[in-house]
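Have a look at the structure below, then the notes.
Please treat every number below as a calculation from the coordinates, not as lab data. Note that the structure is a prediction, hence the values are computed from the model and not measured. Counting neighbours? That spans all protein chains shown, and the Cβs are built from the backbone with ideal geometry, glycine included.
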Amino acid sequence: MMERTYVTKVRFNRAALWSKKAPILGSLDIELTERCNNNCIHCYINKPRNHKPSLARELSAQDIGEVLREAVSLGCLSVGFTGGEPLLREDFEDLYLLSRRLGLKVRLITNATLITPRLTDIFSRVPPLEKVAITLYGTDTNSYEAISGRRGSYKAAIQGIQRLLDNKIPFIIKGTAFSSNATKIRTFEKRARMESWIDGDPAYVISLNLRARRDSESKNERIRTLRLSPGGQYGILSRNKGAFEKDMRRLFSRFSKPRGDRLFDCDPGLGNAALDSYGHLQACLLLRHPETTYALRTGNLRDAMQNFFPELRGRRAKNPAFLARCGRCFLSDLCDQCPAKSWMETGDLDTPIEYYCRVSHSIARKLGLLLARENAWEVPDLKKRIKTFVEGEK
Amino acid sequence: MDPKADLNAVYIPSDDIVAREIEGELIIVPIGSGIGDMETELYTLNETGQAIWRRLDGKTDLKSIIASLSEEFRAQPTEIEKDIMGLIEELLKRRMLIDSGKP
């Protein structure tokens, strides 16, 4: 017994914590409800505040408590509460305090409009240990409510943010870039800094998802019109051009080869999972194709993590168009194409999505990785092309 | 002034933390405010710390824990005592441990 440093402060990430073996479930996202008090024009999942069919099907506090306890027994350290608007749940405080008492850190993703003095008092006494993530769509009533679709919502959001500030509860702001506001991003950031809301710049959603339940073609039509053009996405990504290009060189220096017939370019369900508000366990919050979700009401987390998701990770793409394009493309790190988004856009898991393809090709051309009109799956001497790009500044 | 450990005292984990054993690591998660620095920090105990922590059962005083560890690790009680006092005082300072008040 020679050591003298007994207690070590560690940052919460998998690499720092697990010197030997990581738990089979480290982090769990729970969509407490799909209902929301806002009616954002671009939202991929929301239902009206008092939507009865949703209310009737939602997991009860007891159901969620059982899931949390099993998650903890599997080593889970972090739970994310999202929605819809998770603070619409009347039992949110109970679920929050249960999570913290079980030894979980809590990530809350909210529009901040329902943050009450009572809630900030609870957060002051029992801190979430993660920054509250707040979605904010503008810095004035008109711009915000043109997106949120609800009068009074901007004032309520700012009041919620002020309550967090007053109680020194850490939070981050997440903005969304639309075709209509892309040119106002710098104004948004300047205003957010002036108001002392954030330490650095806000994070942005720049690639809008279509409806996750494939439940409204009219809403999808509207979301398509709100999406940034490929040039618009590049404009936001490259606001700090030098840093962006440096990041891209670093990213491509790690490129090895196109994905081939691997359906997933990530590791779905490896250490993480997401639960929808009705009891379906997903590998991530977006992946909702019925064949990829696990019915937790009739199963258990351990079975899902040990048996169901590993099978998913091994799946292969079959669509000839996917194999001919995505399977041979070297831009997967620039592209949002994935089975979850393929499902939202096309109804299956492996159909190339033209919008994402256009965006990634546009960025690659601006970086000099592709020639005009060249397809990324048809580049001759790919290794040389990437090497030239990576070494571009040497 | 930093708190001092008492060899005759029985210490127990504070209600302000939850200690969790996950895949061989003993991780202390702050619950009440003021334990960590917010954000993303947790705490782990080294092997010595873990061996001591597991004996903080609310019944055993530090003297008995020293005797037990001395036997298990075949080490001199004086050496064990240094480790025990170091850990307990660190945990008391961080409000992760309290004196149970039991004799």
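So for the stretch A:271-316, averaging the separation of alpha carbon pairs under 8 Å that are six or more residues apart and normalising by length, what relative contact order in percent results? Write down the numbers at each step before the final one.
Values: 42 pairs, mean separation 12.5, N = 46.
Result for the stretch A:271-316 is 27 percent.
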- How well do other chains shield peptide A:122-129, expressed as the mean number of their Cβ atoms within 10 Å of each residue Cβ? 4
- Just from the alpha-carbon atoms, what are the Rg and Dmax of the stretch A:22-228 in angstroms? 17.2, 48
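Give the calculated FRET efficiency between A:Thr141 and B:Ala75 to the nearest 0.05, with a Förster radius of 56 Å applied to their Cβ-Cβ distance. Show your work: numbers first, answer last.
Values: r = 69 Å, r/R0 = 1.23.
Taking R0 as 56 Å, the efficiency between A:Thr141 and B:Ala75 is 0.20.
Run the numbers on the stretch A:156-250 and let me know its relative contact order in percent, using alpha-carbon pairs under 8 Å that are six or more apart. The partial results should precede the final answer.
On the way: 67 pairs, mean separation 26.6, N = 95.
Across the stretch A:156-250, relative contact order equals 28 percent.
Which pairs break 20 Å Cα to Cα here: B:Lys4/B:Lys63; A:Lys131/A:Lys341; B:Lys4/B:Lys93; A:Lys131/A:Lys174?
Details: B:Lys4/B:Lys63 15 Å; A:Lys131/A:Lys341 27 Å; B:Lys4/B:Lys93 9 Å; A:Lys131/A:Lys174 12 Å.
Flagged as over cut-off: A:Lys131/A:Lys341.
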- Query: Which whole-number percent gives the relative contact order of chain A, counting Cα pairs below 8 Å spaced six or more residues apart?
  - Reply: 15
- Note on the structure: Which of A:Gly279, A:Gly299, A:Gly347 fluctuates most in a GNM of chain A (C-alpha springs under 10 Å)? That residue is A:Gly299
- Quickly work out the A:Ile236-to-A:Lys383 label distance, labels modelled 7 Å from Cα along the C-beta direction, and quote it in nm with one decimal. 3.8
- Message: Ignoring GluC sites (Glu not before Pro) that are buried or in helix or strand per DSSP, and keeping those with at most 15 other beta carbon atoms within 10 Å, what is the longest stretch of chain B between them?
- Response: B:40-103
- Message: Using just the Cα positions, wrap the stretch A:269-325 in a convex hull and report its mean projected area in square nanometres, one decimal place.
- Response: 4.4
- Pull up all non-local amide H partners of A:Asp29: gap of 5 or more, or a different chain, and H-to-H distance under 5 Å with H placed in the peptide plane. A:Gly80, A:Ala273, A:Ala274, A:Leu275
- Of all C-alpha pairs within chain A, those more than 38 angstrom apart amount in percent to 23
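Can you give the helix-only mean residue ellipticity at 222 nm for chain A, where every DSSP H stretch with n ≥ 4 adds -39500 (n - 2.57) and the sum goes over all residues, rounded to the nearest 500 deg cm²/dmol? Write out the running numbers ahead of the final one.
Values: 16 runs with 146 residues, N = 394.
Value at 222 nm, helices only, nearest 500: -10500 deg cm²/dmol.
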- Query: So which cysteines in the protein assembly as shown don't have a second cysteine's C-beta under 4.7 Å from them?
  - Reply: A:Cys36, A:Cys76, A:Cys266, A:Cys284, A:Cys326, A:Cys329, A:Cys335, A:Cys338, A:Cys357
- Message: Please check: in the Gaussian network model of chain A (C-alpha springs, under 10 Å), which one of A:Gln62, A:Gln162, A:Gln337 has the largest mean-square fluctuation.
- Response: A:Gln62
- Taking a label point 7 Å from the Cα of A:Asp91 along the Cα→Cβ vector, which residues of the stretch A:41-61 have an amide N closer than 16 Å to it? A:54-61
- Query: In degrees between 0 and 90, to the nearest 10, how far off the longest principal axis of chain B does helix B:77-93 point, with axes built from Cα atoms?
  - Reply: 20
- Item | Two-decimal ratio, the stretch B:11-99, of alpha-carbon radius of gyration to 2.2 N^0.38 Å | 1.10
- Item | Cα pair distances exceeding 12 angstrom across the stretch A:48-87, given as percent | 69
